Structure formats: structure tokens, C-alpha cells
Amino acid sequence: MRLTPAIAAAIGLFSTAMVDQAAAEPKIYAYPSSANYCPTGLQPITISGVICCGTPNQTMTYAEVKSHPVVRRHRVATPRRSARVPCPEGTKGCSYN
């Protein structure tokens, strides 16, 4: 059996749609809790900021995902220079031409 270009294109579109659909599923994070009041087999989860019972599809908690190392950029202190021309003290005006 030979694949026609139309069938090959349809298979390609179908596989792309399946990948896009899997990526479009909401991320469900486990909610760390000391007490579990959910029914058997479920655990506390967060989905879109709401805490409810379910099964997470992410391996990390939402707090772990959002915490990231802060990159601090240290600025080297450079001496500030004045735009004015330094004049000797006690003189009236400066003329450095």
C-alpha cells in the first residue's frame, strides 16, 4: 500500500494536533499539606490557584516551580566625577580656557 500525499498530510496534522492537545492540558501541582481530607486515592492539588482534590500531573509543587535562584549582579563602584571644573578655594570664578 502506498501513502498518498493527502493521507501523509492528514497523519501529520493529526499527530501535531495530539501533541498540541497534550501540551494544552492545565498544569496540576501537588499541594503540600500536613492533613489530607481528600477521598482515598486523591490528594490536595492546586489548579489555577484553587486548592482541591485530585491527582497531580506535575512532579514539583507550584512553590518549587516559582522559586528560582536569584542572579544578583554586583555593580563595581566607580568614583563619581563632577561636571564642574575644580576651582581653587577662595577664587571668584574659574577660567580654564
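The values are calculated or read from the model by the stated rules, or taken from the named source; none is laboratory data. What you see is a predicted model; the values in this text were computed from it and never measured. Note that each Cβ is placed from the backbone with ideal geometry, even for glycine, and that neighbours are counted across all protein chains shown.
Descriptive notes on the structure:
- Residue satisfying condition, being exposed (fewer than 10 other Cβ atoms within 10 Å of the Cβ), part of a loop (DSSP other than H, G, I, E, B), at pLDDT 75 or above and among the basic types (K, R), within set R84, R2, R80, R73: R73
- If you check S15, S48 for being at pLDDT below 90, closer than 17 Å to V65 by Cα and of a type in the set (S, T, N, Q), only one passes: S48.
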